[in-house]
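Working notes for the structure below.
What follows is calculated from the coordinates using simple rules that are stated; it is not laboratory data. Not measured: the values here are computed from a predicted model. Backbone-built Cβ (ideal geometry, glycine too); neighbour counts: all protein chains shown.
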Amino acid sequence: MKKTFEISHDKIKPARMVESIKHQVKKYLKRERNKALPEAADYWDFDCKIGKTEQTADMVHVSNINKAMDNIVATGVTSFYLEILAKPAERQFIEKES
């Protein structure tokens, strides 16, 4: 998903638009996680970027997307860019020394 979301609307308040965008993101993540994994992968990992524009977008962890969205909206922008790319990943196990 690479998309610029508009927050301003004639009839819909910005808070409702942000809730709608968060719901779209949640549905997209669920849809991507339900896809079949390649043979060597354990789970779907996501590369996420968010910013006022595509050029100024910063990397964020998938669990911090909503918080980053709230921070950007609090600055008073009328639109923002969000990029979420799914990639297969393997779990990394760390052995404990006794």
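Between Ala41 and Asn66, what's the calculated FRET efficiency when r is the beta-carbon distance and R0 is 25 Å? Round to 0.05. Given R0 = 25 Å and the Cβ-Cβ separation, E is 0.45. Beyond 31 Å in Cα-Cα separation lie the following of the pairs Lys22/Lys87; Lys13/Lys35; Lys27/Lys96: Lys13/Lys35; Lys27/Lys96. A simple spin-label model places the labels of Thr56 and Glu90 4.0 nm from each other, with each point 7 Å out along Cα-to-Cβ. Of all stretches in the chain that contain no trypsin sites (Lys or Arg not before Pro) in a DSSP loop with at most 10 other Cβ atoms within 10 Å, the longest one is 36-90. For the chain, relative contact order (Cα pairs under 8 Å, six or more residues apart, normalised by length) works out to 39 percent. If you wrap the Cα atoms of the chain in a convex hull and average its projected area over all directions, you get 8.6 nm². Here the 3J(HN,Hα) profile of the range 7-21, calculated from phi with Karplus coefficients 6.51, -1.76 and 1.60 at θ = phi - 60°, is 9, 7, 8, 5, 10, 9, 5, x, 4, 6, 5, 5, 4, 5, 5 Hz, Gly and Pro shown as x. Considering only Glu39, Glu83, Glu54, the mean-square fluctuation computed in a Gaussian network model of the chain, springs between alpha carbons under 10 angstrom, is largest for Glu39.
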